[in-house]
Amino acid sequence: MSRYAPVNFPDVKLEGQFWHERLETVLTRTIPSQHKKLSEYTILDSLKLKQPPPPLRFPRHANGFTVQVFWDSDIGKWIEAASYALAHRRDEDIEAKIEAIVDDFETAQAPDGYLNCWYLGHEPDKRWTNLRDNHEMYNAGHLLEGAIAYFQVTGRRRWLDIMERYLEHIYSVFGTGPGQKRGYDGHEELELALMKLYYLTRDKKHLDFATYLINERGQQPPHFFDVEREARGDAEKQQRYVQGNYEYSQSHKPVREQDKVVGHAVRAMYLYTAMADLAAEIGDADLKRACEVLWDDVMETKMYVTAGLGPSAQNEGFTHDFDLPNQTAYAETCASVALIFWAQRMLHLDLDGKYADILELAMFNGALSGLSRDGEQYFYANPLESDGTPTRWDWHTCPCCTMNVSRLVASVGGYFLSTAQDGVAFHLYGGIDTEVEIAGTMVALREISTYPWSGDIRIEVDPKVPTTFDLKLRIPGWCEGAKVSVNGNAVDVSAAVDGYLTINRDWFEGDVVTMELPMPPVRLYAHPGVIMDAGRIALKRGPLVYCVEEADNPGGRVQRLKLPRDAQLKTEKRADLFDGVVTLKADALAIKEGDWQALYRTDPPQDEKATLTALPYYLWANRGQGSMVVWVPEVQ
């Protein structure tokens, strides 16, 4: 297993234009506007535990469920994102807002440590009676991640102390001991939060409970969700699981026996993230093998070209192999963010570039598309085709994706590179500055580039004293013909192993590594099993997937466009568009629509010459409504 660990994001300064702009937008607009929305929708007010409880803002569904049961998690994620923002720039107003929230949670916490504002305020007699549906541990996980982030940035322990008291309560209720419930949450999250807490404290009880949650999931007979349903006394009423089966929560069998990715996409990704963390920490080969099998299943049969996950809105997740519809794609923003978490953990199980390739793909495409250019509008679902009706929204009844994308961007520096005792590995590029300890010496590293628009990269290596160590450079899987040199002397790129070129040498102050990663536009073809993409191509350049949007292709819906197989794809730098992007252009054909009078006719449609312009997918739907397509028909 890999000896490398990620560099903490506060230690990585983002200097490149691409990520610096996204970070500034999140810091100055997204996080403040999210707090405003949490207030407007009475989510923050729910912490006050008013009696009698006010009417529900979002009424119960027919099955008795209301989204208000997981409002705590939305607040926890906002605290986490806001804390990450404070690591870049301290803000007294944001800190005061966090402290006010902590005040409310501290007041709300029960004497026995329990802390869930839905149950404390609405159903105090039903605590821990429906883990299958009601997200108690999930809420605890996001609150814990927020507390960890706030402590790491500010050094203030109060919020973390509150959460540790809550954990002590949870540890007393659940487990394999006498009188304990052998339960686990329907929505995984606490597992990965506990791994973070263990890394922070090195207190083994947190590792032990994370291990318990992972090992207990799916054990049967009896299945825990059946046991708790019987205990609720509504076995007849709740005989049928609302989501159909236990695959929805990946609890259909023990995790080490699972070989197909099923159910709710975000739940699955959170679970696999924790599994990979645990496998690395305790050296569990069987758990590692399960992660690898599940990873291959996603990569080979279930992932959109944008790294979106989950075709179905019905279960917010997976259906069957190669089911990847475009216009109805769910591809939840949260799922791509969670895929990034999992990919990073897999990358640190084995330093293999295939994991970094997917991490990068999800980051630039499936996840980043969920946040508007102005930082205040969002996509929950990320379709790969649109007739122009979907629009971004400024909030959602279930606002999980809003804070998921903001906490990702605010901490994105933590994905760029990793260190070991004798080396440093670059996973991403885009303009960063950091200082790390390698082989007992502090080494300043500055990576200069305009990535992802250009693959020309310069890395300045400045150790305090001359030092021997490995510099590992990821050669992206999409790149052919990469060139690398050290101080002007070429390095043999063919020596790269598992996507990383290792340069071992004595490093001196002033050493410079240069990389050339060619980025010609390419056409991608889907597996024949993806029948909805038969006869179509997707366009990609470097890490960016492109789409064809009506704003750049006036004259009607973009579904009328077709790309000849021999048409040359050209790049065009557009300084006037979104502060500078690279678009793709090609000579194309367009179906004539003006002469159609009937819905159907016997005469075939006629084509006319047209120009196709493609924009990076993550930027779509930022210029008003209009049609969009990723997979374009290709003609001979």
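The values are calculated or read from the model by the stated rules, or taken from the named source; none is laboratory data. Note that the structure is a prediction, hence the values are computed from the model and not measured. Every residue, glycine among them, receives a Cβ derived from its backbone with ideal geometry; neighbour counts consider all protein chains shown.
Contact map, segment 29-43: residues that are on the phi > 0 side of the Ramachandran plot paired with residues that are modelled with pLDDT under 95, Cβ distance under 6 Å, separation 6+ or inter-chain. Pairs shown: 42/57. Any residue in segment 326-346 that is without any contact (Cβ under 8 Å) to a residue 24 or more places away in the chain, among the polar types (S, T, N, Q) and part of a loop (DSSP other than H, G, I, E, B)? No, that holds for no residue. For the structure I just gave you, tell me whether residue 284 is charged (D, E, K, R) and surrounded by 24 or more Cβ atoms within 10 Å (Cβ to Cβ). So residue 284 fails the test.
Is it fair to say residue 623 is over 29 Å from the mean Cα position of the chain (by Cα) and either without any contact (Cβ under 8 Å) to a residue 24 or more places away in the chain or not in a strand (DSSP E or B) (or both)? Can you show your working first?
Working: over 29 Å from the mean Cα position of the chain (by Cα): no; either without any contact (Cβ under 8 Å) to a residue 24 or more places away in the chain or not in a strand (DSSP E or B) (or both): yes.
In short, no.
Across segment 1-32, the qualifying residues are those that are in contact with a His (Cβ under 9 Å, 6 or more places away or on another chain) and aliphatic (A, V, I, L, M), and the one among them that is farthest from residue 448 (Cα to Cα) is 1.
Just to be sure, is residue 316 touching a Phe, Trp or Tyr at 6+ places or on another chain (Cβ under 8 Å) and either under 20 Å from residue 385 (Cβ atoms) or modelled with pLDDT under 95 (or both)? Answer is yes for this residue.
Number of residues in segment 577-598 that are of a type outside the set (Ser, Thr, Tyr), over 11 Å from residue 560 (Cβ atoms) and at pLDDT 95 or above: the value is 9. Restricting attention to segment 159-170, the residues that are touching a helix residue (DSSP H, G or I) at 6+ places or on another chain (Cβ under 6 Å) and surrounded by fewer than 17 Cβ atoms within 10 Å (Cβ to Cβ) total 0.
Considering only segment 164-174, I want to know if a residue exists there that is within 24 Å of the chain's Cα centre (by Cα) and either aliphatic (A, V, I, L, M) or under 25 Å from residue 246 (Cβ atoms) (or both). No, every residue in segment 164-174 fails to be within 24 Å of the chain's Cα centre (by Cα) and either aliphatic (A, V, I, L, M) or under 25 Å from residue 246 (Cβ atoms) (or both). Here residue 571 clears all of (1) under 26 Å from residue 25 (Cα atoms); (2) under 29 Å from the mean Cα position of the chain (by Cα) except the condition numbered (1). Got a sec? Which of 90, 165, 132 is part of a helix (DSSP H, G or I) and more than 19 Å from residue 196 (Cβ to Cβ)? Matching residue, one of 90, 165, 132: 132. Against the definition (more than 14 Å from the chain's Cα centre (by Cα) and modelled with pLDDT of 95 or more), how does residue 271 come out, yes or no? Taking the combined requirement at face value, the residue does not satisfy it.
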